[in-house]
Amino acid sequence: MTSDPIEKPGRPTDEDLTRRILATAGEMLGRHGYQALSVEQVSKAVGCGKTAIYRRYADKGALVAAVLRSQVEIGAMPDRGDIRGDLLEHVLQNQRNQELSPEQSHGLRAMFEPDVFPTLWDSFFQHRRRQGVEIIDRAIARGELPEDVHHDILLDTIAGLTLYRQSVKRIHIDERHYVDIIDALVSTPPRRLADADEQASP
């Protein structure tokens, strides 16, 4: 699945209309939440037909995934030459992605909807996760981390801190706290368990 506009034969997609659809859907999502949102409401607010939206997005879930995807950046692959610097750059991009307005933060909850998450995973989270895994793999090759480091636990610890503290509690995380957390994780990294390996494939 993808949150990118659907390419169909015929006239080219109107990019200005696409931007207005995403902006309007984002505003309505932030005000009313996912369950109350409908494609019909968005089309009326934008002043276009529902078919114009369905030409771009297969359903409401794909539309909302596109809204959320438009608010974040995958970011460049960090390459500072050491694990601490690379992880810091990676997590600061994650932090920037979650510096949202109150309305956007409210709309962010829609990412967990079953109709939204798979599309958002394919178009965004999977790419971010692959970056994180590559950062750790390079660190293993340089001898900075052990071969049995648990990639997911390490990455999820940092990502979870940002999600909970910044997006839920709405408390800005000072970069120095990230440095402290990263230093602790690199100094004593989580290891894979021989009898219960729960590491997900990237």
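Please give me the summed charge of the neighbours of residue 39: other residues whose Cβ is under 9 Å from its Cβ, Lys and Arg +1, Asp and Glu -1. Overall, the nearby charge balance is 0. Sequentially through region 84-89, phi angles give Karplus couplings (6.51, -1.76, 1.60; θ = phi - 60°) of 5, x, 5, 5, 5, 4 Hz, Gly and Pro residues having no value and appearing as x. Measure nothing but the geometry: give the 0 to 90° angle between the long axis through the Cα atoms of 15-32 and the longest principal axis through the Cα atoms of the chain, rounded to 10°. So the inclination is approximately 80 degrees. Using only Cα atoms, tell me the angle between helix 151-162 and the longest principal axis of the chain; keep it within 0 to 90° and round to the nearest 10. Orientation of helix 151-162: about 60 degrees from the principal axis. Springs join every pair of Cα atoms under 10 Å in this Gaussian network model of the chain, and among 80, 31, 56 the largest mean-square fluctuation is at 80. Which residue, 16, 156, 82, tops the fluctuation ranking in a GNM of the chain built on C-alpha contacts under 10 Å? Judging by the Gaussian network model, the answer is 16. Compute the signed sum of charges (Lys and Arg +1, Asp and Glu -1) over the other residues within less than 11 Å, Cβ to Cβ, of residue 102. Here the count lands on +1. For GluC sites (Glu not before Pro), the sites in region 111-202 that DSSP calls loop and that have at most 12 other Cβ atoms within 10 Å are 147, 198.
Under the simplified labelling scheme, the residue 117-residue 176 pair shows an inter-label distance of 3.7 nm, with each label point 7 Å from Cα along Cα→Cβ. When 168, 116, 186 are arranged by Cβ crowding within 10 Å, least crowded first, meaning fewest neighbours, the order is 168, 186, 116. Projected over all directions and averaged, the alpha-carbon convex hull of region 15-69 occupies 3.2 nm².
The stretch between residue 92 and residue 147 holds 17.3 nm of extra length on full extension. This uses 0.36 nm per residue minus the Cα-Cα distance.
Please work out whether the chain counts as rounded, prolate or oblate from its C-alpha gyration tensor, where a ≥ b ≥ c are the square roots of the eigenvalues and a/c under 1.5 means rounded, while otherwise a/b larger than b/c means prolate and anything else oblate? Verdict is prolate for the chain. Here's how it looks for residue 191: its modeled amide H is under 5 Å from those of 150, which are all 5 or more places away or on a different chain.
When the Cα gyration tensor is reduced to axis lengths a ≥ b ≥ c, the ratio a/c is 1.5 or higher for region 83-187, and with a/b not above b/c it is classed as oblate.
Between the C-alpha center of region 177-192 and that of region 20-90 there is a gap of 32 Å.
The angle between the Cα long axis of helix 175-187 and the longest principal axis of the Cα atoms of the chain comes to about 50 degrees, rounded to the nearest 10. Over the chain, DSSP H runs of length four or greater, each weighted -39,500 (n - 2.57), average out per residue to a 222 nm ellipticity of -16000 deg cm²/dmol.
Computed from the coordinates by the stated procedures, all read-outs in this text should not be read as laboratory data. Model, not experiment: these values are computed from the prediction. Methodologically, a virtual Cβ is constructed for each residue, glycine included, from the backbone with ideal geometry; neighbour enumeration extends over all protein chains shown.
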